[in-house]
Amino acid sequence: MTALAAAPATSPSTPSPAPASSAYAELCELLRNTSTLGAVSQLLSWDQETYMPPLGAGTRAEQQAMMAALVHERRTSPRIGELIGACERDDALVGKAGSETAANIREMRRDYDLATKLPGELVAELARVGSQSQEVWKKAREKSDFAMFAPWLEKMMALTRRKAECYGVKAGPDGPGELYDALLNEYEPGMTAKRIEAIFTPLRASLGELIAQVGASKAKVSTKCLQVKVEPADQHEFGHLVIEAMGFDLRAGRLDVTTHPFCSGLSPGDTRLTTRYRDEKFTDALYGTMHEAGHGLYEQGLPKMAQGKRPGLFGQPLSEAISLGIHESQSRMWENFVGRSKHFWKWAHPLIGKHLSRKFEKYGVKDFYAATNTVTPSFIRVEADEGTYNMHVMIRFELERALLAGQLAVKDIPGEWNKRYKDYLGVKVPDDRRGCLQDVHWSFGLIGYFPTYTLGNLYAAQFWETIQEQIPDLNKQISKGKLLPLKEWLNENIHRHGRRYLAADLCKRVTGKELSAEPLLRHLREKAAAVYGV
């Protein structure tokens with residue numbers, strides 16, 4: 001991976017205008033139009049996950065296939081290739097290594113080369129079958145019946161494998177590549193399965209030791225404060241209060257309910273968040289909402305919209321997130337480093353008594369801090385504590401890597417899933433709903449996505465240590481509900497760069513260090529010591 005030259009620090013929240021070029025102007029306009037069409041496709045997906053009536057599923061699959069084909073046709077237009085080539089030959093655009101415009105054109109080339117490797121009919125079929133598969137997954141999950149979903153997963157895996165073969169496999173600094181690398185590259189450019197394995201293996205060992213130490217502790221942590229029942233409508237209102245304090249602009253976004261929470265940054269001024277509720281343990285919804293709002297703040301902080309005299313960059317790579325690992329670092333930071341901190345509970349404690357239930361008033365800040373930082377092996381990834389969360393991700397990485405390589409058959413997933421949960425987390429999975437059917441990702445063919453969750457945790461921890469150094473009174477501000485200084489730091493140091501820097505380069509630029517697991521391990525050990533005395 002080639003590191004980009006560091007650019008001088010600048011204060012504007014959007015990149016500087018590019019040098020005048022008719023080819024570049026035309027290219028940016030074509031990409032903007034394509035992204036506008038892509039936003040319509042995303043809106044169809046959001047609607048399918050939120051408000052679409054069940055009988056609309058068949059037609060929606062055809063709509064998605066048609067939209068995917070149209071977007072792909074535009075992305076692979078020979079004219080776009082010609083214009084990128086013209087820009088690459090223009091020293092005024094690319095002559096300055098590491099400049100914003102050079103980075104923009106570099107990423108345009110990357111996108112175009114990847115898109116042109118995929119046949120249009122494959123792109124349309126992935127969208128059609130993915131939409132159909134998603135609906136079957138919902139029903140199979142409800143009935144806890146993996147056999148119902150298995151034929152559709154077979155179809156998605158075959159299509160996804162074909163997609164990876166179209167991208168091709170290249171040897172890299174880690175040795176011969178594998179099909180998984182081609183898919184991982186969509187979500188985390190420059191990363192490989194072998195590098196992920198090299199990161200995960202020692203991390204798993206360290207986490208295993210920490211989990212064992214907590215398990216051997218004699219400390220008893222009560223979670224009674226989380227068992228008070230709260231109406232979903234009240235939770236929804238409180239969620240709005242929290243995300244507004246975080247700085248999420250509800251004039252340019254909204255919060256809705258779905259089966260599996262997600263965030264969609266559709267277009268300038270339109271970022272959709274979703275969450276889910278249950279009566280007890282209101283913090284599951286609270287942290288899910290904060291998590292998705294973290295994604296939403298990143299989307300709203302990207303230079304998509306025009307600001308002052310600066311044009312919006314919607315459609316250009318500089319207006320997009322560099323990787324899912326960096327994206328996830330933003331959501332996990334707000335969920336865990338802010339939301340599970342003592343400082344957050346100093347602010348939130350009186351508010352939950354006022355907005356949710358007076359029954360919370362008999363518990364103190366220490367009770368909520370301890371209850372939301374337990375280390376308890378469980379079945380559900382999205383509800384897992386920080387100490388065990390990454391084990392869930394590692395299990396999925398191993399399974400989907402084996403699936404793609406042909407070393408694991410779809411029919412054998414439940415057995416292998418349950419075995420790994422027993423080996424890694426010491427829990428016996430009771431059924432498919434709380435086992436291999438809990439995540440929506442495979443129904444879409446999102447193979448290579450899961451590792452970015454743990455990469456996000458690693459980036460978040462490393463960024464957080466730097467933030468604490470640069471905003472010394474941050475904890476005091478959080479305890480007063482003053483969350484905007486953190487958002488503004490993230491806007492300036494992470495969001496505004498878009499795809500200018502590769503994830504590893506951005507990490508080093510911001511923290512001065514290569515990505516390491518040590519900041520995350522320090523964070524988890526400090527919490528375990530505070531809660532369990534280990």
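The values are calculated or read from the model by the stated rules, or taken from the named source; none is laboratory data. Computed from a predicted model, the values in this text were never measured in an experiment. Cβ placement follows ideal geometry from the backbone for every residue including glycine, while neighbour counts extend to all protein chains displayed. All accessible areas refer to the heavy atoms of the entire protein, side chains included, with ligands and DNA or RNA removed. Shrake-Rupley method; radii C 1.70, N 1.55, O 1.52, S 1.80 Å.
Given the criteria surrounded by fewer than 20 Cβ atoms within 10 Å (Cβ to Cβ), in a helix (DSSP H, G or I), of a type in the set (D, E, K, R) and without any contact (Cβ under 8 Å) to a residue 40 or more places away in the chain, does Asp412 qualify?
When the stated conditions are applied, Asp412 passes them.
Just for region 298-317: of the residues that are open to solvent by 10 Å² or more (accessible area, probe 1.4 Å) and of a type in the set (A, V, I, L, M, F, W, C), which one is modelled with the lowest pLDDT?
Ala306
Conditions (1) out of contact with any strand residue (DSSP E or B) (no Cβ under 8 Å at 6 or more places or on another chain); (2) over 27 Å from Arg32 (Cα atoms); (3) open to solvent by 20 Å² or more (accessible area, probe 1.4 Å); (4) not in a strand (DSSP E or B), marked per residue:
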residue: Arg254; (1), (2), (3), (4): no, no, yes, no
residue: Gly265; (1), (2), (3), (4): no, no, no, no
residue: Tyr277; (1), (2), (3), (4): no, yes, yes, yes
residue: Ala285; (1), (2), (3), (4): no, yes, no, yes
residue: Gly325; (1), (2), (3), (4): yes, no, no, yes
residue: Arg332; (1), (2), (3), (4): yes, yes, no, yes
residue: Phe344; (1), (2), (3), (4): yes, yes, no, yes
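How many of the residues in region 522-534 are under 21 Å from Asp367 (Cβ atoms), in contact with a Leu (Cβ under 9 Å, 6 or more places away or on another chain) and open to solvent by 20 Å² or more (accessible area, probe 1.4 Å)?
Residues in region 522-534 being under 21 Å from Asp367 (Cβ atoms), in contact with a Leu (Cβ under 9 Å, 6 or more places away or on another chain) and open to solvent by 20 Å² or more (accessible area, probe 1.4 Å): 1 in total.
Please pick out the residue among Lys138, Lys163 that is of a type outside the set (Phe, Trp, Tyr), within 22 Å of Leu55 (Cα to Cα) and open to solvent by less than 60 Å² (accessible area, probe 1.4 Å).
After applying the criteria, what remains is Lys138.
Restricting attention to region 95-126, which residues are touching a Ser or Thr at 6+ places or on another chain (Cβ under 7 Å) and either farther than 21 Å from Ala39 by Cα or among the acidic types (Asp, Glu) (or both)?
Glu100
Among all residue pairs at least 6 apart or on different chains, which show Cβ distances below 6 Å where the first residue, located in region 294-305, is more than 12 Å from Arg496 (Cβ to Cβ) and of a type outside the set (D, E, K, R) and the second is open to solvent by less than 10 Å² (accessible area, probe 1.4 Å) and in a helix (DSSP H, G or I)?
These pairs meet every condition: Gly294/Gln330; Gly294/Ser331; Gly294/Trp334; His295/Ser331.
Looking at region 457-475, is at least one residue of a type in the set (S, T, N, Q), open to solvent by 20 Å² or more (accessible area, probe 1.4 Å), touching a Ser or Thr at 6+ places or on another chain (Cβ under 9 Å) and not in a loop (DSSP other than H, G, I, E, B)?
The answer is yes; a qualifying residue exists.
Considering only residues that are in a helix (DSSP H, G or I) and either under 18 Å from Lys428 (Cα atoms) or open to solvent by 10 Å² or more (accessible area, probe 1.4 Å) (or both), which ones fall in region 372-389?
Across region 372-389, the qualifying residues are Arg381, Val382, Glu383, Glu386, Thr388, Tyr389.
Do we find a residue being modelled with pLDDT of 95 or more, closer than 23 Å to Leu446 by Cα and touching a Lys or Arg at 6+ places or on another chain (Cβ under 9 Å) anywhere in region 94-107?
yes
Given (1) at pLDDT 95 or above; (2) buried (at least 16 other Cβ atoms within 10 Å of the Cβ), identify the lone condition not met by Phe444.
(1)
Name the single residue that is farthest from Tyr112 (Cα to Cα) among those in region 32-76 being in contact with a Phe, Trp or Tyr (Cβ under 9 Å, 6 or more places away or on another chain) and not small (Gly, Ala, Ser).
This residue is Glu49.
If Ser144 meets every condition in (1) surrounded by fewer than 20 Cβ atoms within 10 Å (Cβ to Cβ); (2) at pLDDT 95 or above; (3) on the phi < 0 side of the Ramachandran plot apart from one, which number is that one?
(3)
Consider Thr259 against the criteria (1) more than 29 Å from Pro485 (Cα to Cα); (2) without any contact (Cβ under 8 Å) to a residue 24 or more places away in the chain; (3) of a type outside the set (Phe, Trp, Tyr): it satisfies all of them except one. Which criterion is unmet?
(2)
For Glu361, work out the one condition from (1) outside any helix (DSSP H, G or I); (2) surrounded by fewer than 23 Cβ atoms within 10 Å (Cβ to Cβ) it doesn't fulfil.
(1) is the only condition that Glu361 fails.
Against the condition within 19 Å of Glu186 (Cα to Cα) and in contact (Cβ under 8 Å) with a residue 40 or more places away in the chain, how does Leu93 come out, does it pass?
no
Checking Ala321 against (1) open to solvent by less than 20 Å² (accessible area, probe 1.4 Å); (2) in contact with a Phe, Trp or Tyr (Cβ under 9 Å, 6 or more places away or on another chain); (3) in contact (Cβ under 8 Å) with a residue 40 or more places away in the chain, only one condition comes out false. Which one?
(1)
Exactly one of (1) outside any helix (DSSP H, G or I); (2) in contact (Cβ under 8 Å) with a residue 24 or more places away in the chain is unmet by Leu30. Its number?
(1)
State the number of residues belonging to region 42-57 that are open to solvent by less than 50 Å² (accessible area, probe 1.4 Å) and free of Cβ contacts under 8 Å to residues at least 40 places away in the same chain.
Qualifying residue count for the region: 4.
In region 287-323, how many are part of a loop (DSSP other than H, G, I, E, B) and over 22 Å from Pro451 (Cβ atoms)?
Result for region 287-323: 13.
Checking the structure you have, find out if any residue of region 502-521 is in contact (Cβ under 8 Å) with a residue 24 or more places away in the chain, open to solvent by 60 Å² or more (accessible area, probe 1.4 Å) and either outside any helix (DSSP H, G or I) or under 21 Å from Leu210 (Cα atoms) (or both).
Yes, some residue in region 502-521 is in contact (Cβ under 8 Å) with a residue 24 or more places away in the chain, open to solvent by 60 Å² or more (accessible area, probe 1.4 Å) and either outside any helix (DSSP H, G or I) or under 21 Å from Leu210 (Cα atoms) (or both).
Out of all the residues in region 337-388, which are β-branched (Val, Ile, Thr), modelled with pLDDT of 95 or more and more than 24 Å from Gly533 (Cα to Cα)?
Correct list: Ile352 only.
Looking at region 34-98, what helices (runs of 4 or more DSSP H) fall wholly within it and have at least 1 residues that are within 26 Å of the chain's Cα centre (by Cα)?
In region 34-98, 57-75 are the helices (runs of 4 or more DSSP H) which contain 1 or more residues that are within 26 Å of the chain's Cα centre (by Cα).
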